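Supplied in structure tokens, the structure appears directly below.
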Amino acid sequence: MAKKIIAAAYGDPTEVLEVADVRVPTPGRDQVVVQVRAAGLNPFDVKVVSGVMGRNSDKLPISPGAEAAGVVHAAGTDSGFVAGDEVVVYPATAALAEYVLSPAANVHFKPAGLGFAEAASLLLAGVTAVDTLATLRVSSDDVVLVHGGAGAVGSIVVTEALAAGATVIATASPRNHEHLRELGAIPVAYGVGLAAAIDEARGEQRITAVVDTVGTDEAIDVSLELVAPHRIVSIAAWGRVDDGIVIVDGSSEQSRHHRREAVEPLLADAAAGRIGVEIARTFSFDDAGEAFTELAGSHPRGKLVFEPK
Ligand SMILES: NC(=O)c1ccc[n+]([C@@H]2O[C@H](COP(=O)([O-])OP(=O)(O)OC[C@H]3O[C@@H](n4cnc5c(N)ncnc54)[C@H](OP(=O)(O)O)[C@@H]3O)[C@@H](O)[C@H]2O)c1
């Protein structure tokens, strides 16, 4: 038997998350069973468990965990993997567990130079970041405003936009401004005075594209004063679609294509140190509820990582 985290009801993660005993899965011909060394926690997991994404009792119990890294435990004959391979699973389901079952198509070889925790925390945020910039076709001609530039997605947006040669202005709490400067971006504080702070940061330059990872009305309103709606790509402002901004979430064929193509370059860039993945805290079966609660609030920079112990 093996352990995995489930939520038998929607609600406060500290109340609804529990540890279930399940059988170790057996892979089909094109499936892989991975012994999880680390699984990245994402706001998506928190939103699903808390019921923000909707409450449908037919979907209970929920098994959170959308990305993992580990060692192949058993592999189907047509999978292309063998026991002992070090891999990353993305997209994954039920990854907050000792073992995760996945179609081979979602399993990727982990570069040797990349740790399990970092590998497990890279791809969901990374493919999303690449998708935003590919949708905007950001190039060295652009001056990009990134809302939430120190977040998991935002940090990779900033890094990739700078790598494309763009100038980057990014919003964050003052505690994260030095981090943004180190990446090469111009930091500005969100909140009161945001529009004036952006004006000062851009000087004579014109903002040409916006990536919003936050979804607040403040972020969208200030952006609409700077660029046309189709130059604003958001991953979170679902309530502002009527303004003509572009939401990307992996549901369109173009978005899926961007995300598929991004996986291998992201793994290579992270292994080479061109993309940094910071780990803020690890958690396990005992303190999963606290980790979910921490991610839902104003949390320190870096990823929260599950390690089965
Ligand atoms: N559509 C998609 O495909 C997709 C994919 C991935 C994630 N998402 C969504 O995107 C969002 C970000 O995900 P993430 O993993 O990057 O989260 P994260 O690591 O928790 O980062 C959130 C960022 O938001 C910033 N922030 C918080 N309140 C803010 C405010 N009022 N104004 C401006 N910035 C604020 C924080 O900045 P400071 O810490 O500097 O204050 C932090 O850097 C989540 O809502 C997530 O569900 C969507």
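Amide H neighbours of ILE279 under 5 Å, at least 5 residues apart or on other chains, H built in the peptide plane: list them.
Those qualifying (amide H under 5 Å, at least 5 residues apart or on another chain) are LYS303.
Using heavy-atom solvent-accessible surface (probe 1.4 Å) with all chains present, what is the largest-first order of TYR99, TYR190? Display every interim value, and only then the final one.
Details: TYR99 50, TYR190 125 Å².
The ranking, largest first, comes out as TYR190, TYR99.
Round to the nearest 0.05 the FRET efficiency obtained for ALA163 and GLU253 when R0 = 22 Å and r is the Cβ-Cβ distance.
Details: r = 26 Å, r/R0 = 1.16.
Computed FRET efficiency for ALA163 and GLU253: 0.30.
Please compute the Cα-Cα pair-distance distribution of segment 1-106 with 10 Å bins starting at 0, giving whole percents from short to long.
For segment 1-106, the binned pair fractions read 17, 45, 29, 10, 0 percent.
Of the candidates ALA197, ALA125, ALA66, which one comes out as most mobile in a Gaussian network treatment of the chain with C-alpha springs shorter than 10 Å?
Result: ALA197 has the largest fluctuation of those listed.
Then there's this: Please give the FRET efficiency for GLU15 paired with GLU204, using the beta carbon to beta carbon distance and R0 = 45 Å, rounded to the nearest 0.05.
Working: r = 53 Å, r/R0 = 1.19.
Once rounded, the FRET efficiency stands at 0.25.
Counting each DSSP H run of 4 or more residues in the chain as -39500 (n - 2.57), what helix-only mean residue ellipticity at 222 nm follows after dividing by all residues, to the nearest 500 deg cm²/dmol?
Numbers: 9 runs with 97 residues, N = 309.
For the chain, the value works out to -9500 deg cm²/dmol.
So for HIS257, HIS299, what's the accessible-area order with a 1.4 Å probe, most first?
Values: HIS257 85, HIS299 55 Å².
Reading off the accessible areas and sorting them downward yields HIS257, HIS299.
Along the Cα-to-Cβ line of ALA228, 7 Å from the Cα, sits a label point; which residues in segment 245-261 have backbone N less than 20 Å from it?
Within reach of a label on ALA228, which here means backbone N under 20 Å from a point 7 Å along Cα→Cβ, segment 245-261 contributes 245-248.
Let me ask another. Provide SER140, SER234 ordered by accessible surface of protein heavy atoms (probe 1.4 Å), highest first. Don't skip to the end; give the middle numbers.
Numbers: SER140 80, SER234 0 Å².
Ranked list, largest accessible area first: SER140, SER234.
Keeping all protein chains in position, work out how much accessible area ARG240 exposes to a 1.4 Å probe, and write it in Å² to the nearest 10.
Using a 1.4 Å probe on the heavy atoms, I get roughly 30 Å².
Also: When only Cα pairs under 8 Å and 6 or more residues apart are kept, what is the percent relative contact order across segment 35-187? Write down the numbers at each step before the final one.
Details: 266 pairs, mean separation 27.7, N = 153.
Relative CO of segment 35-187 lands at 18 percent.
Return one whole number: the accessible area per residue of segment 125-253 in Å², for a 1.4 Å probe.
Result: 42 Å² of accessible area for each residue.
Among DSSP beta bridges whose residues both lie in the chain, state the antiparallel percentage, nearest 5. Don't skip to the answer; put the middle values down first.
Values: 29 of 50 bridges.
In the chain, approximately 60 percent of DSSP beta bridges are antiparallel ones.
Also: Need one number for segment 125-253: average projected area of the convex hull over its C-alpha atoms, nm². Walk me through the numbers on the way to the answer.
Details: hull surface 28.1 nm².
Computed as one quarter of the Cα hull surface, the answer is 7.0 nm².
Solvent-accessible area of GLU98, probe 1.4 Å, all protein chains present, reported in Å² to the nearest ten, please.
Rounded to the nearest 10, that gives 50 Å².
Hey, what do the phi angles of segment 298-309 turn into as Karplus ³J(HN,Hα) couplings, whole Hz, using 6.51/-1.76/1.60 and θ = phi - 60°, x for Gly and Pro?
The phi angles translate into 7, 10, x, 4, x, 8, 9, 10, 7, 10, x, 9 Hz.
Also, quick follow-up: Counting every Cα pair in the chain, what percent are over 35 Å apart? Walk me through the numbers on the way to the answer.
Working: 9417 of 47586 pairs.
Taking all Cα-Cα pairs of the chain, the fraction more than 35 Å apart is 20 percent.
Considering the zone a paramagnetic label at ARG23 would reach in this model (a point 7 Å from Cα along the Cα-to-Cβ line), which residues of segment 39-76 have amide N under 18 Å from it?
73-76
Which whole-number percentage describes the relative contact order of segment 125-253, with Cα contacts under 8 Å and a sequence gap of 6 or more? Kindly include the intermediate steps, with their values, before the conclusion.
Values: 243 pairs, mean separation 30.5, N = 129.
With pairs under 8 Å counted, the relative contact order is 24 percent.
I've got another one for you. Any idea what % of Cα-Cα pairs in segment 43-179 are farther than 20 Å?
Details: 5440 of 9316 pairs.
Here the long-distance tail beyond 20 Å is 58 percent of all Cα pairs in segment 43-179.
Hey, another quick one. Report the accessible area of THR159, computed with a 1.4 Å probe over the heavy atoms of all protein chains in place, in Å² rounded to the nearest 10.
Surface accessible to solvent at THR159 totals approximately 30 Å².
Would you mind calculating the relative contact order of the chain from Cα pairs under 8 angstrom and at least 6 residues apart, reporting the percent as a whole number? Let's see the in-between values first.
Values: 702 pairs, mean separation 58.1, N = 309.
After rounding, I find 19 percent.
Another question, if that's okay. Be a star and scan segment 46-81 for residues whose amide nitrogen sits under 18 Å from the point 7 Å along the Cα-to-Cβ vector of HIS299.
Under 18 Å, as judged by backbone N against the label point of HIS299, lie 46-53, 63-69 of segment 46-81.
Right, something else. Quick one: among GLY165, GLY297, GLY76, which has the greatest mean-square fluctuation in a GNM of the chain with alpha-carbon springs under 10 angstrom?
GLY297
What is the gain in length, in nm to one decimal, between ASP221 and ARG137 on full extension, counting 0.36 nm per residue of separation less the C-alpha to C-alpha distance? Don't jump to the answer; show the numbers that get you there.
On the way: separation 84, 0.36 × 84 = 30.24 nm, distance 2.22 nm.
The ASP221-ARG137 span can extend by a further 28.0 nm.
Moving on to the next point. What is the spin-label model distance, in nm, from ILE279 to VAL71 if the labels are put 7 Å beyond Cα along the C-beta direction?
With each label placed 7 Å out from Cα toward Cβ, I get 1.6 nm.
Treating the angle as unsigned and between 0 and 90°, give the value, to the nearest 10°, between the Cα long axis of helix 116-136 and the longest Cα principal axis of the chain.
Once rounded, the angle reads 40 degrees.
Work out how much length ALA189 to LYS3 would gain on full extension: take 0.36 nm times their residue separation and subtract the Cα-Cα distance, in nm to one decimal.
62.7 nm
The values are calculated or read from the model by the stated rules, or taken from the named source; none is laboratory data. Just so it is clear, the model here is predicted, and its values are computed rather than measured. Virtual Cβ from ideal backbone geometry, glycine too; neighbours counted across all protein chains shown. Areas reflect the complete protein model, heavy atoms only, side chains present, ligands, DNA and RNA absent. Shrake-Rupley method; radii C 1.70, N 1.55, O 1.52, S 1.80 Å.
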